[in-house]
Every structure is written in structure tokens, then in C-alpha cells.
Amino acid sequence: MELKERVAIVSGGAKGIGLAAADCLLRLGASVMLVDQSEAVESAATSLPEFGDGRFEFAVADISRGAEGESAIDATVNRFCAIDILLNNSGILTFGHAV
């Protein structure tokens, strides 16, 4: 599968599945916006081999907050002019239970 000319947003991307998915999407040729509520997303982003090649950006945003989620979407469209793939990987805990 080749994903050249495709743009993906990956939420929950500072570690684990989100970071691995972003790496996979980049290797398949997609451009990726990596989003996480934690500032750790920046160091996670710089750990990917494709960092700095122009197909990859990151944003600190809590997508459970409407305005922050919209900001991440706007940043993606402003940078890459499209969104083709949305990987909702963020987990939100409420009273100790995953939602």
C-alpha cells in the first residue's frame, strides 16, 4: 500500500500505538500531523526517522476540548492543505474508566 499525497492526523501520538501508527503512515508515504495533549509529543516527534523531511508536524492539543481539537485540524489543513486519514487513538479517562 502506498499513501503518497495523503494526509493523516494521529491523536494520542506521544507514545505507544499512536506513535507507531504515525511511523507506519510516514513509511507508507503519508504526511502526518501527530497530536497529543502532552508536551511529550515534541520529543516523540523528533524520535521518528522522518522528522524534518517536510511531511511531518506535531501539535499539542487536548482533542476532548472542542477548541483545541479544531485548532489541531486547522493546523493540519494550513500545513498540508487536506485531511485524508483520521486515526482517533486518544483515550479519555472519566472517573477511572476509559470512555
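The values are calculated or read from the model by the stated rules, or taken from the named source; none is laboratory data. Computed from a prediction, not measured in an experiment: that's the story for all the values here. Cβ atoms come from the backbone with ideal geometry, glycine included; neighbour counts cover every protein chain shown.
Residue by residue, here is whether (1) modelled with pLDDT of 90 or more; (2) on the phi < 0 side of the Ramachandran plot; (3) charged (D, E, K, R) holds:
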| position | (1), (2), (3) |
| --- | --- |
| G29 | yes, no, no |
| D36 | yes, yes, yes |
| T46 | no, yes, no |
| E57 | yes, yes, yes |
| L86 | yes, yes, no |
| F95 | no, no, no |
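Among the candidates V99, V77, single out the residue that is of a type in the set (V, I, T), surrounded by fewer than 16 Cβ atoms within 10 Å (Cβ to Cβ), farther than 15 Å from L3 by Cβ and at pLDDT 95 or above. Of the residues listed, the single one that is of a type in the set (V, I, T), surrounded by fewer than 16 Cβ atoms within 10 Å (Cβ to Cβ), farther than 15 Å from L3 by Cβ and at pLDDT 95 or above is V77. Residues in the stretch 1-33 that are over 14 Å from G54 (Cα atoms) and of a type in the set (S, T, Y): S11 alone.
Candidates are the residues of the stretch 28-46 that are in contact with a Leu (Cβ under 8 Å, 6 or more places away or on another chain) and among the small types (G, A, S); the one that is farthest from A8 (Cα to Cα) is A44.
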